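Read the structure below first, then the notes.
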Amino acid sequence: PELLPERRSEEATGTSPPCHRSNNPPFTPIVCPSITSLALNNLARHALPGYAIGVPKSIGVAELANCLSDGEPTFTAIAADVLKPEKHCDEIGQAIKTCSVILDLSASVSVARHLSTKVESDARRVSLFLNPSGDDLVLLSEDRLRKFPLDCLEMQYYRALVNDESLIGHFTPIDVRPRYGQSCRDVTSRIPQDTMALHAAIGSRAFRRAVAEDGPMISIWRADRALAVRQVTIEPARVTGFSVGEWRVRTDSKLLDTLHALRRSKLPNETGGVLLGSIDLDRKTVYVVDTLPSPPDSDEWPTLYIRGSRGLKSQVERVGKVTDGALHYLGEWHSHPNGCSTAPSNDDLKVFSWLTEIMDAEGLPALMMIVGARRRTSCFLGKMERIENLIPCTRS
């Protein structure tokens, strides 16, 4: 069985995959928790017909899919908000415990993070969503053992947007995004129905392929105006991290490989740079995702590193623009020479104290990484002591 959380979304892709799979024997049943009802503005591209106006979308989609399936009804609906299930908490909890796959079709970061970090279930998580323009379809799929969590795959997807030239324009701003309510986030996108149908068909096939394999998957399908679709596949990196107090730090092997490669390229001198990522305040999680190389005006010596600033502001701003604000400045990193541990020096303690003052003004914890020989990397969040705080070593 699968669980398909469908929250309020700007796109209608969430209704098509269940219908595509209704005659597909391997997937039964499907549970769709959603509290939103079909509205008039949904009819242009929603799978549900006009007589379903006012009916909770989850119930309508389940009934439609059952009509298309052979034999006994196999689709079940729960009309509830997956983030605030209230009286349906036990019902949703039981559905989650018994399913093998949780498929997120909601286009909501909050729900995807909730399913990844707050829901107790051995089921692998898969997320399908469109970019704002509707030209690109994104699939994030955990591995069967959940060693590549959905929230960390989301961060690796953002990193690819920064570094992969084939993904340029993925988050290109849309000039006009009409509102459908009075909330600050009540905006939608005008996307042709044939484009929605194209992505729904690709998404249905991609989902089946993803869950048929044991490993994780990050894929993006880009549809252009000439009706060509190009797939961009991103190799998932192994996730690592640690906890400090109430906070969790998450990073991956690709970033650590990059930091150590930058260190080796500048030996015998020290080097460093800034760290980029995201902070989830609700879940007390810091995602360390990427770095920018040492600015050209930095001082790099065998026993000293002073980071410069030339061109840094524009580079950080570019990262924010390319990722639609998902990645931003997090903190600092620098290397230690061969023969030295990754424990902080007196100068490191002074810099961390300065960094703490800066980040406290934003209500955020200070973050610093120290990269040393033999793939040793220490990470300090919120406080720094005179000992190593090693990140568990992992390789791509």
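Throughout, read-outs are computed from the coordinates displayed, never taken from laboratory work. Bear in mind the structure is a predicted one, so any value in this text is a computation, not a measurement. Heads up, the Cβs are rebuilt from the backbone with ideal geometry, glycines too, and the neighbour counts pull from every protein chain shown.
In whole Å, what is the distance between the alpha-carbon centres of segment 197-220 and segment 103-179? Value for the Cα centre distance between the two parts: 13 Å. Taken over the C-alpha atoms, segment 94-160 has Rg and Dmax values of 11.9, 36 angstrom.
In the distance distribution for segment 239-381, Cα-Cα pairs more than 27 Å apart total 15 percent. Helical content alone sets the calculated 222 nm signal of the chain at -9000 deg cm²/dmol, taking -39,500 (n - 2.57) per DSSP H segment of four or more residues and averaging over every residue.
When the pairs Lys57/Lys147; Lys84/Lys254; Lys147/Lys321; Lys147/Lys313; Lys147/Lys284 are compared against a 24 Å limit on Cα-Cα distance, Lys57/Lys147; Lys84/Lys254; Lys147/Lys321; Lys147/Lys313 fall above it. Here r is the Cβ-Cβ distance between Tyr51 and Ser166 and R0 is 56 Å; the resulting FRET efficiency, rounded to 0.05, is 0.80.
What is the diffusion coefficient of segment 312-383 in µm²/s, taking the Kirkwood radius over Cα pairs and the Stokes-Einstein relation at 4 °C with a viscosity of 1.567 mPa s? The partial results should precede the final answer.
Numbers: Rh = 13.6 Å.
Approximately 96 µm²/s, per Stokes-Einstein.
FRET efficiency for the Arg190 to Val229 pair, using the beta carbon distance and R₀ = 30 Å, is estimated at 0.90. Label sites at Gln315 and Asn338, each approximated as a point 7 angstrom past Cα along Cα to Cβ, lie 2.6 nm apart. One quarter of the surface of the convex hull around the alpha-carbon atoms of the chain equals 20.8 nm², the direction-averaged projected area.
For Ala44 and Ser345, the difference between the fully extended length at 0.36 nm per residue and the C-alpha to C-alpha distance is 102.1 nm. Reducing segment 234-279 and segment 368-383 to their Cα centroids gives an inter-centroid distance of 9 Å. Among beta bridges identified by DSSP and lying wholly in the chain, the antiparallel ones come to about 70 percent.
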